[in-house]
Amino acid sequence: MLWQRVISSLVIIPILLAAVWFGDPWTSIVVALFVLLGTFEFYKLANKAGWKPFSVLGIVFVLFFLLNARSEDGRTTPLLISGAVVLSLIRLLWCSDKGKAFTNWAWTIGGIFYIGWTMSHFILLRELGDGRSWVLVVLLVT
């Protein structure tokens, strides 16, 4: 397992550094690809732990958060946050296992905000005047 992580890091890090260096649209494309893979892994791990997050809804909202980072209109963020919470709560109505419904919802929301919302800031940070330098600092210290 450790070797798999090391090998994937040796492949992913140069791709990510190149995307950060060359800027848009490469940064957005590569971040979206990695975020999508990370979201699949997050929900797969939740499923292995015995929970049933609403994976499709979570993946859709993660992608919406990434698209929102490219939006010029700041009013979309509160709508997106509200939509993620409300639509996932509505989805609870059709949850077959009522005993685990709230925990499944929490895993869904956790994936949306932990991955989608935080990684959308990666794109926003790159768009700043010194964005390339800031993103490289973030990558080096984390």
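We did not get these values from a lab; they are worked out from the coordinates using the rules stated. On a predicted model such as this, the values are computed, not experimentally measured, just so you know. So basically every Cβ, Gly included, is an ideal-geometry build from the backbone, and we count neighbours across all protein chains shown.
Fully extended, how many nm does the chain gain between ILE13 and CYS95 (0.36 nm per residue separation, minus their Cα-Cα distance)?
Residue separation times 0.36 nm, minus the Cα-Cα distance, leaves 25.6 nm.
Give the residue from VAL30, ASN68, SER88 lying farthest towards the positive end of the charge dipole for the stretch 2-137; charges sit on Cβ (+1 for Lys and Arg, -1 for Asp and Glu) and the dipole is referred to the Cα centre.
SER88
Can you tell me the dipole magnitude for the chain around its Cα centre, using point charges on the Cβ only (Lys, Arg +1; Asp, Glu -1), in Debye to the nearest 20?
540 debye
³J(HN,Hα) across the stretch 72-81 via Karplus (A = 6.51, B = -1.76, C = 1.60, θ = phi - 60°), whole Hz, x for Gly/Pro?
8, 8, x, 6, 7, 4, x, 5, 5, 4
Using amide H atoms built 1.01 Å from N in the peptide plane, name the residues 5+ places from TRP51, or on other chains, whose amide H lies under 5 Å from its own.
none
Please work out which option in (i) 25; (ii) 28; (iii) 19 gives percent of Cα pairs over 27 Å apart calculated from these coordinates, and answer with its label.
(ii)
Once phi is turned into ³J(HN,Hα) by the Karplus curve 6.51 cos²θ - 1.76 cosθ + 1.60 with θ = phi - 60°, what whole-Hz value does each residue of the stretch 57-65 show in order, with x for glycine and proline?
The phi angles translate into 4, x, 5, 4, 6, 4, 5, 4, 5 Hz.
State, in angstrom, two size descriptors of the stretch 22-72 derived from its alpha carbons: Rg to one decimal place and Dmax to the nearest whole number.
Rg, Dmax (Cα atoms, Å): 12.8, 41.
What ranking do ILE90, ILE59 get, fewest neighbouring Cβ atoms within 10 angstrom at the top?
Neighbour counts put them in this order, fewest first: ILE90, ILE59.
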